[in-house]
Amino acid sequence: MSKQFDVVVIGAGPGGYIAAIRAAQLGFNTACIEGWKNPKGEMALGGTCLNVGCIPSKALLQSSEHVEQIEHKFADHGISAGGVKVDLAKMQSRKDGIVSKMTKGIEFLFRKNKVTWLKGFGKFVSGGDSYTIEIANGDAKETVTAKYVIVATGSKARHLPGITVDNVNICDNEGALAFGAVPKRLGVIGAGVIGLELGSVWRRLGAEVTVLEALPAFLGACDESIAKEAWKVFTKEQSLNIKLGVKIEKVTSKKTGITIDYTDDKGLAQKLECDKLIVSVGRVPNTDGLGASNVGLKVTERGFIEVDDHCKTNLPNVYAIGDVVRGPMLAHKAEDEGVAVAETLAGQKPHIDFNTIPWIIYTSPEVAWVGKTEQQCKAEGIAVKTGQFPFMANGRALGQGEAGGFVKIIADAATDRILGGHVIHAHASELIQELVTAMEFKAASEDIARIVHGHPTLSEAVKEAALAVDKRTLNM
Ligand code: FAD
Ligand code: NAI
């Protein structure tokens, strides 16, 4: 007889594992299906985020930023350090150690919360009053039944037709996080989040990096002023070679290297020769093999599971969360949807404000934003006031030697309610959270301007940007 559960979660990325823990906390007999295998061949929880996404990329970003600091920034502090050596194998094993610690941490959390880990890949077999799901682990198969199912199967890298990703020379995120040597010449297709973050890692470690982007605009989702500043820093100060408006024609991989034939923004034929290539052109949802059609689960043409604002699918008692559904492909969005669904099953009325989900690009400087850009407000016919404050005028930033960048706040011209917050700075990822909290509480820019901010802190720049909305900065 099949094991029976109240809740079965399919996928243990940040969406699925958090949903499972919250469901168990709320008293449901919960299982989570996951069959991810790490490079050692061991099954691991944590999904893309912990294994080949957020966590390993941030570990390498930090290590490579230390190299950048020693080589280019410490001299300004009167510190010289000659003979800097990078032990890439050690850097990679540090990263792997962090991944292992974090993924094993979820196993501990599952035991603590009495979540059963069903090892393998899950597939809907049949529906009705309860759902039957088959779990395949190699040749071994078992079936379980569940009253409620939460699909959290995440996403995988999108590949381009005619370009074979072998994850040795032509890589998606998985191979690009695991290079055993710093490539001399690195090509990147796609100047999105992964292209910029991983391009930065390998540039800081010594690679000559060229990024080929199809769109004519750089960082189109950002406020234009931030994108302009980021462009200046990345291309002029950090020599990331970014080419916009290109069309990739052909990629040829030989023993001697990779050749990318492309047409540039003027329509001229160009060639890029490189030793490794990263293809980072977005991600696609994981719904293959899920057995959606066995139960009539609606999937869009692009493979996303169709859900409403509460992550409810077309089937009774089946929900879907995270990268496999609409909305930004971000770990914190997946997590919060997981919590909300578990609480919905328990009869609670949770709410996620999709307008206050922060975006952060962990380059140096970091780029972070929440809410609307000034251009979006204009397009939507919303009259706004904006306030901007540079870190150049912030004492803490000067002390840190991180005086580049600024904070920009966009407020409704009539009500002063904050509609968007944008930060470009070495520590933008932490600073944005004040603006997220403010927007979640429907704050006005005046609210932030009247809050006491510790001195000297970077957050004083957020306060000053709020004061700037009313044209009354104090320190500029
Ligand atoms: P996933 O993390 O993709 O997990 C889905 C899990 O489901 C996987 O483990 C998969 O094996 C499993 N699965 C799939 N099908 C089945 C099945 N049939 N049965 C059982 N299990 C199944 N986001 C951020 O917010 N911040 C960042 O800094 C960040 N950095 C990133 C860096 C990189 C290089 C990449 C690639 C992504 C990054 N992301 C980041 C995005 C983030 O990783 C995803 O948004 C997040 O992992 C989505 O969570 P999820 O739970 O929906 O799916
Ligand atoms: P992306 O959507 O951020 O960027 C892809 C880029 O590739 C776009 O600029 C697009 O115009 C370009 N592109 C698409 N097709 C192309 C082509 N044929 N030729 C040249 N350029 C092309 O996708 P990316 O970087 O792959 O990341 C995937 C997702 O993972 C992100 O959207 C984000 O949701 C998540 N992520 C989040 C991070 C964070 O929060 N810090 C870090 C890394 C990834």
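Worth a mention:
- Centre-to-centre separation between the Cα atoms of the stretch 185-244 and those of the stretch 323-348: 31 Å.
- Residues Thr457 and Glu42, FRET efficiency given R0 of 35 Å [Cβ-Cβ distance, rounded to 0.05]: 0.25
- The calculated FRET efficiency for the pair Lys73 and Ile382, based on their C-beta separation and a Förster distance of 56 Å, comes to about 0.90.
- Environment charge at Lys276 (Cβ cut-off 14 Å; Lys +1, Arg +1, Asp -1, Glu -1): -1
- Among beta bridges identified by DSSP and lying wholly in the chain, the antiparallel ones come to about 65 percent.
- Over the chain, Cα pairs under 8 Å with separation of 6+ residues give a relative contact order of 14 percent.
- Surrounding net charge for Val246, when Lys and Arg each add one and Asp and Glu each subtract one, Cβ distance under 13 Å: 0
- Length gained when the stretch Gln433-Asp447 is fully extended (0.36 nm per residue, less Cα-Cα span): 3.5 nm
- Qualifying GluC sites (Glu not before Pro) in the stretch 379-476, where qualification requires a DSSP coil assignment and no more than 10 other C-beta atoms within 10 Å, comprise Glu380.
- A simple count of charges around Asn113, restricted to other residues whose Cβ falls under 13 Å of its Cβ and scoring Lys, Arg +1 and Asp, Glu -1, yields +3.
- Rough spin-label spacing in nm, given labels placed 7 Å along Cα→Cβ, for Lys254 and Leu26: 5.9 nm
- Qualifying chymotrypsin sites (Phe, Trp or Tyr not before Pro) for the stretch 368-470 [loop in DSSP, other Cβ within 10 Å: at most 13]: Phe441
- Computed extension gain for Met476 through Asp264, at 0.36 nm per residue and net of the alpha carbon distance, reaches 72.1 nm.
- Residue order, fewest to most beta carbons within 10 Å, for Thr287, Thr164: Thr164, Thr287
- Base-10 log of normalised Debye intensity for the stretch 333-476 (one unit scatterer per alpha-carbon) at q = 0.12, 0.14, 0.18 Å⁻¹: -0.50, -0.66, -0.99
- Spin-label pair Asn294/Ser80, simplified geometry with 7 Å Cα→Cβ offset, distance in nm: 6.8 nm
- Among the listed pairs Lys298/Lys372; Lys184/Lys236; Lys104/Lys232; Lys147/Lys298; Lys184/Lys372, those beyond 29 Å (Cα-Cα): Lys298/Lys372; Lys104/Lys232; Lys184/Lys372
- Net dipole in debye of the stretch 357-469 [+1 Lys, Arg Cβ; -1 Asp, Glu Cβ; about Cα centre; nearest 20]: 160 debye
- Sequence-separation-based contact order of the stretch 373-443, relative, with Cα cut under 8 Å and 6+ spacing, percent: 26 percent
- Relative to its Kirkwood radius, the Cα radius of gyration of the chain gives an Rg/Rh of 0.98.
- Here Arg111 and His310 are evaluated by their C-beta separation; at R0 = 25 Å the FRET efficiency comes out at 0.25.
No lab work stands behind these numbers, since they all come straight from the coordinates. Quick caveat: nothing in here was measured; it's all calculated off a predicted structure. Reconstructed Cβ throughout: ideal geometry from the backbone, glycine too, with neighbour counts over all protein chains shown.
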